[in-house]
Amino acid sequence: MFQRSSIVAAAAAAFSVLAAGSAANATTFVFKGDGQNVSPLGVLNTDFVQDCGTVGDDFCSTGDHTGGLRYSRDGIALTARAYAGGVATRLIQDVVPADSGLGAFSETNSSDDQTQADSREAIEFDFGSQVVSVTDVEFNAGGDTNCTNTSDGSGEGSCGSFRLDIFNLDDLLILSTVIDITNVDDLPFLGEGARFLLTAIGQGSGFVVAKFTVNEVPIPGAIPLLLSGIAGLGFASRQKKRA
């Protein structure tokens, strides 16, 4: 027979499970050579190719590049894609040297592995069904140098500016803003959402994303589900007493 104490105990246990399950998960994805800690998922030469850049163990997307490169770390899944003029283009994870990262790779210029404004390039980070906040983003500039170095002689320019568009789980635009990273290597907070699109807009500029931290945002929708379960326990108790 259901007792009041049983319902209270069940509710306490349920809240305990919810609290444990909703604890925010956070992990850092490092795409550059210095401390690089993720490699693409899938099958080599099918889902991605290796040694596709100018130096060493780079990774690149394959085919029509719409699949991009997929990653997973500590329970957080991520798909990265590159675009040129709104059309999917080759995405490169430039591992070597240390000041490198993820960028749009030019099909015609093997030295261009940056997301560049002159080529109307953009890079996208898609977290699928997960809502996350992205923090502690490190950018690098042309020629595998820091953003603050504008005289590296690579011809790829400084990091410059980009337009940031953030989308929610329904793929609706929830934020659009312009960020200048010409003299900044690290951005403490990028934003919160399910998909992030960074489009280079500074003339002569280009950037790669070296690393960032992803913080999983707990879904409050689990609370009504929990309450309905507790209400069900109460209903069952009343039915038992009537019997």
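On the basis of being open to solvent by 50 Å² or more (accessible area, probe 1.4 Å), closer than 19 Å to PRO40 by Cβ and not aromatic (Phe, Trp, Tyr), does ASP126 make the cut?
Spelling it out, it is not the case that ASP126 is open to solvent by 50 Å² or more (accessible area, probe 1.4 Å), closer than 19 Å to PRO40 by Cβ and not aromatic (Phe, Trp, Tyr).
Between a first residue in region 33-52 that is farther than 21 Å from ILE76 by Cα and a second residue that is among the aliphatic types (A, V, I, L, M) and outside any loop (DSSP other than H, G, I, E, B), which pairs have beta carbons less than 9 Å apart while being 6 or more apart in sequence or on different chains?
Pairs that qualify, where the first residue is farther than 21 Å from ILE76 by Cα and the partner is among the aliphatic types (A, V, I, L, M) and outside any loop (DSSP other than H, G, I, E, B), are ASP34/ALA210; GLN50/LEU44; CYS52/ILE92.
Which of the residues spanning region 192-210 are at pLDDT below 95, open to solvent by 20 Å² or more (accessible area, probe 1.4 Å) and not hydrophobic (A, V, I, L, M, F, W, C)?
GLN203, GLY204, listed by residue number.
Please enumerate the residues belonging to region 160-178 that are surrounded by fewer than 16 Cβ atoms within 10 Å (Cβ to Cβ) and in a loop (DSSP other than H, G, I, E, B).
Those that are surrounded by fewer than 16 Cβ atoms within 10 Å (Cβ to Cβ) and in a loop (DSSP other than H, G, I, E, B): ASN168, LEU169, ASP170, ASP171, LEU172.
Which numbered condition in (1) at pLDDT 90 or above; (2) of a type in the set (S, T, N, Q); (3) surrounded by fewer than 19 Cβ atoms within 10 Å (Cβ to Cβ) is the only one that ASN109 fails?
The number of the failed condition is (1).
Is one or more of the residues making up region 61-84 of a type outside the set (D, E, K, R), open to solvent by 60 Å² or more (accessible area, probe 1.4 Å) and part of a strand (DSSP E or B)?
yes
What residue, of THR213, THR182, is of a type in the set (Ser, Thr, Tyr), open to solvent by less than 50 Å² (accessible area, probe 1.4 Å) and under 11 Å from the mean Cα position of the chain (by Cα)?
Going through THR213, THR182 in turn, just one is of a type in the set (Ser, Thr, Tyr), open to solvent by less than 50 Å² (accessible area, probe 1.4 Å) and under 11 Å from the mean Cα position of the chain (by Cα): THR213.
The values are calculated or read from the model by the stated rules, or taken from the named source; none is laboratory data. Values in this document were obtained by computation on a predicted structure and should not be read as measured data. Here Cβ is always computed from backbone atoms with ideal geometry, including for glycine, and neighbour counts include all displayed protein chains. Quick note on the areas: whole protein, heavy atoms, side chains included, nothing else; ligands and nucleic acids left out. Shrake-Rupley method; radii C 1.70, N 1.55, O 1.52, S 1.80 Å.
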